[in-house]
């Protein structure tokens, strides 16, 4: 199979690197591991490891497709923000009639370590999610 045929099938790009969708799968799997890892750390060690979901999203993406991609890093960061807020919402004790607005209104009253973790996790997802390999010229090329 020639390189052009391999590109069409998405098995490898011309440089022999794994395609970007491997990174998407890696990021999703990393998010799942980070989600359950957070709750395991909280339950078994009483450790508030909110950076874990974001870091695992970024690391999963980087392992899945090490090609450098700034857009993929941004996607990982946004996914980590959403996942971190969902986890924080799940562990925050709220009244039965509380709304999502009540949750967001109570965020500034959280301890500093919680807020710092809510910021650090998505930053780690962004950093790791960019990857450190050779840039993907097709994805990062300016629009024509």
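The values are calculated or read from the model by the stated rules, or taken from the named source; none is laboratory data. All figures in this text were calculated on a predicted structure; none of them were measured in a lab. Cβ atoms come from the backbone with ideal geometry, glycine included; neighbour counts cover every protein chain shown.
Results, tabulated for the structure shown:
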item: Set 95, 114: member being farther than 24 Å from residue 18 by Cα and in contact (Cβ under 8 Å) with a residue 24 or more places away in the chain; result: 114
item: Test: residue in the range 98-115 that is under 14 Å from residue 34 (Cα atoms) and out of contact with any strand residue (DSSP E or B) (no Cβ under 7 Å at 6 or more places or on another chain); result: no
item: Some residue of the range 108-120 being modelled with pLDDT of 95 or more, surrounded by 14 or more Cβ atoms within 10 Å (Cβ to Cβ) and in contact with a helix residue (DSSP H, G or I) (Cβ under 8 Å, 6 or more places away or on another chain); result: yes
item: Any chance residue 49 is touching a helix residue (DSSP H, G or I) at 6+ places or on another chain (Cβ under 8 Å), within 26 Å of residue 109 (Cβ to Cβ) and assigned to a helix (DSSP H, G or I); result: no
item: Residue count for the range 62-88, restricted to those that are at pLDDT below 95 and either under 10 Å from residue 31 (Cβ atoms) or loosely packed, with under 14 Cβ neighbours inside 10 Å (or both); result: 2
item: Which listed residue is surrounded by fewer than 14 Cβ atoms within 10 Å (Cβ to Cβ), modelled with pLDDT of 95 or more and under 23 Å from the mean Cα position of the chain (by Cα), from 36, 56, 104; result: 36
